[in-house]
Amino acid sequence: MFTINQYVLAESLEQAYALNQSRINVILGGTLWLKMGRKKFNKAIDLSALGLDTIEEDEDQFKIGCMCTLRQVETHQGLDQHFDGVVAKALESIVGVQLRNGATVGGTLYSRFGFSDVLTVLMALDASVERYKGGIVSLADYAAMRPDNDILVRVLIKKDPRRASYSCFRKSAGDFPVLNCAVSKLEDQWAVVIGARPGRARRIMFTVAGTPSEENIQSIVETVRGSIPFGTNLLGSAAYRRILAEVLLRRNIEAILMGGAQ
Amino acid sequence: MIINLWINDKEFMDDVAPDKMLLDYLRSKGFFSVKRGCETSNCGMCTVLLDGKPVLSCSTLTVRANGKHIATLEGLQAEALEIGGFMADEGAEQCGFCNPGFIMNVIAMKRELKDPGEDQIKKYLMGNLCRCSGYMGQLRAIKKYLAAEKEGAQ
Ligand SMILES: Cc1cc2nc3c(=O)[nH]c(=O)nc-3n(C[C@H](O)[C@H](O)[C@H](O)COP(=O)(O)OP(=O)(O)OC[C@H]3O[C@@H](n4cnc5c(N)ncnc54)[C@H](O)[C@@H]3O)c2cc1C
Ligand code: FES
Ligand code: FES
């Protein structure tokens, strides 16, 4: 368990940011992950009172506040009507409804977990994150950065007519993924994201005019298998993951060609 | 920190440590249906309803329940007994340790989903582990319970 000396319900992002500059203070997401550690913190900064627990939808984009829970995102009707419902599809395999009612979008993306299903799917949708000081940056770039003392305020997802599909492999329901994969297609741009390699998700973009032929697909598979590094951990070996990558990738491409989702 | 909350509709005011987890606080108040079955937020045994939503009390800071309503199994006896009856009829359980958290989440599911099919039931209850059974008895019991409820409502 982690320990906290003092709880601060932040009154502004400025106050939260100032407090977060000290290494011994911490921002609270849903505390699901923090709970697994044993760190001792001085001040715990709660962003709950800043109205960041809503999903705003306008004509161009979805703006998801960092304090939204994964379950809120998963059950959002507007999101479900976009991208072939791929977001809910990716989130529903994470542990259970109760955990997803607690885990936050901010804590999830800030942590940039290698195994993250959320990172994988949102990178395929070309999402961006808005930071309090650092401004807006693409999630793919954010994922590659080292965690810093800024605050992740919102996640932004453009409403484009993208088709998308997600699949993962788990040894049992609710367990960590052995590998996960999301693919999206916007006109002739294909985005392939592989996560739980077990390292952080990586994305590769491909341009394929029209419907990809078996040769095109084979060449995407080879590029992915050849240029994305796979590693070994308790859940599986690098060689096994490389085989799984082809299976998941092909399933996603086929699903998109058949009309999306999985 | 001084907090004010409602547990099963009864108001409580307490000075709690900022890092006290809701599970420990609830047990300290005598709500022993709330149990810890793991250290990794995986088992669902500690499920309570926080403003109506099922959450893991083992991983929720008590201060976050300030101003909110919590329901534990102690406050949902009628529903719990009914569901428990269906479980017993199916011989669903052995040790019964997983029961309170499981029933809490069945209640949450019934309130949230309309007419869930088998797939939806499994997905909703995925975060409730039972180490004795194979979940088949529970699944039969839930289906029968939901069917009976539906019939009763008609
Ligand atoms: C047992 C278990 C199994 C899991 N399995 C999976 C899985 O299979 N797939 C998957 O994708 N995920 C999985 N997760 C991860 C989960 O979905 C969440 O991503 C994780 O719990 C972090 O979210 P949180 O809200 O709990 O963050 P917290 O634990 O509260 O915080 C995590 C970190 O983020 C920081 N932080 C929080 N909010 C912000 C913010 N707005 N700005 C800057 N920093 C912030 C905190 O200071 C902390 O350092 C699992 C988690 C657990 C506990
Ligand atoms: S005690 Fe296991 S999930 Fe809370
Ligand atoms: S009956 Fe023993 S854990 Fe479920």
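The values are calculated or read from the model by the stated rules, or taken from the named source; none is laboratory data. Given the structure is predicted, the values throughout are model-derived calculations rather than measurements. Don't worry about glycine lacking a Cβ; one is built from the backbone with ideal geometry, like all the others, and counts go over all protein chains shown. Heads up: the accessible areas ignore ligands, DNA and RNA and are worked out on the full protein's heavy atoms, side chains in. Shrake-Rupley method; radii C 1.70, N 1.55, O 1.52, S 1.80 Å.
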Under the Karplus relation 6.51 cos²θ - 1.76 cosθ + 1.60, θ = phi - 60°, what is the ordered set of whole-Hz ³J(HN,Hα) values for segment A:129-143, x standing for Gly and Pro? 10, 9, 9, 4, 9, x, x, 8, 9, 5, 4, 4, 6, 4, 4
Could you pull out every Cys in the protein assembly as shown that lacks a partner Cys with its beta carbon under 4.7 Å away? A:66, A:68, A:168, A:181, B:95, B:132
Report P(r) for segment A:74-138: all Cα-Cα distances, bin width 10 Å, range 0 to the bin holding the largest distance, values in whole percent. 18, 54, 26, 2
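Before rounding to the nearest 500, sum -39500 (n - 2.57) across all DSSP H runs of length at least 4 in chain A and divide by the residue total; then give [θ] at 222 nm in deg cm²/dmol.
Numbers: 10 runs with 83 residues, N = 262.
Theoretical 222 nm ellipticity from helices: -8500 deg cm²/dmol.
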Over chain B, with a Gaussian network built from C-alpha contacts below 10 Å, which listed residue (B:109, B:13, B:45) shows the highest mean-square fluctuation? B:13
Leaving ligands, DNA and RNA out of it, work out the accessible area of residue B:24 with a 1.4 Å probe and give it in Å² to the nearest 10. 60
Each label sits 7 Å from Cα toward the beta-carbon; between residue B:144 and residue A:145 the label points are separated, in nm, by 5.7
How many angstrom lie between the C-alpha centres of segment A:196-220 and segment B:67-142? 42
What are the ³J(HN,Hα) values, in whole Hz, obtained from phi via the Karplus relation 6.51 cos²θ - 1.76 cosθ + 1.60 with θ = phi - 60°, for each residue of segment B:6-16 in sequence order, with x given for Gly and Pro? 10, 10, 6, 6, 9, 7, 10, 10, 8, 9, 10
Using a basic spin-label model with each label point 7 Å from the Cα along Cα→Cβ, how many nm lie between residue A:227 and residue A:22? 4.6
Diffing segment A:164-177: the Karplus 3J(HN,Hα) column from phi (6.51, -1.76, 1.60, θ = phi - 60°), in whole Hz with x for Gly and Pro, holds 8, 8, 9, 8, 9, 10, 10, 6, 8, 4, x, 6, 5, x
Let me have the relative contact order for segment B:76-153, percent, based on Cα pairs under 8 Å that are six or more residues apart. 49
Report the gain in length on full extension from residue A:237 to residue A:54: 0.36 nm times residue separation, minus Cα-Cα distance, nm rounded to one decimal. 61.9 nm
Taking the Cβ of residue A:165 as the center, what net charge do the other residues with Cβ under 14 Å away carry, scoring Lys and Arg +1 and Asp and Glu -1? +3
Helix B:77-89: inclination vs chain B longest Cα principal axis, degrees, rounded to 10, gives 40
Quick one: longest stretch of chain B between exposed loop trypsin sites (Lys or Arg not before Pro), exposed meaning at most 11 other C-beta atoms within 10 Å and loop per DSSP? B:1-113
Under a GNM of chain A (C-alpha, springs under 10 Å), which listed residue has the highest mean-square fluctuation: A:38, A:242, A:200? A:38
If one compares the long axis through the Cα atoms of helix B:136-153 with the longest principal axis of the Cα atoms of chain B, the angle in degrees, nearest 10, works out at 90
Angle in degrees between helix B:99-112 and the longest Cα principal axis of chain B, rounded to the nearest 10: 80
XL table B:29/B:68; A:171/B:110; A:89/A:171; Cα-Cα > 22 Å flagged, in table order, is A:171/B:110
What's the local net charge at residue A:139, with K and R +1, D and E -1, over the other residues with C-beta under 14 Å away? +4
In debye, nearest 20, what is the charge dipole magnitude of the protein assembly as shown about its Cα centre with +1 on Lys and Arg Cβ and -1 on Asp and Glu Cβ, if you could check? 1380
If you build a Gaussian network model of chain B, linking Cα atoms that sit under 10 Å apart, which residue out of B:91, B:127, B:37 swings the most? B:91
Between exposed GluC sites (Glu not before Pro) in chain A, where DSSP calls loop and at most 11 other Cβ atoms lie within 10 Å, what's the longest gap? A:60-186
List the residues, sorted by chain then number, that are 5 or more residues from residue B:19 or on another chain and whose placed amide H is less than 5 Å from its amide H. A:4
For peptide A:36-42, how many partner chain Cβ atoms fall within 10 Å of a residue's Cβ, on average? 1
So which GluC sites (Glu not before Pro) in segment B:113-152 end up in coil per DSSP with only 12 or fewer other C-beta atoms within 10 Å? none
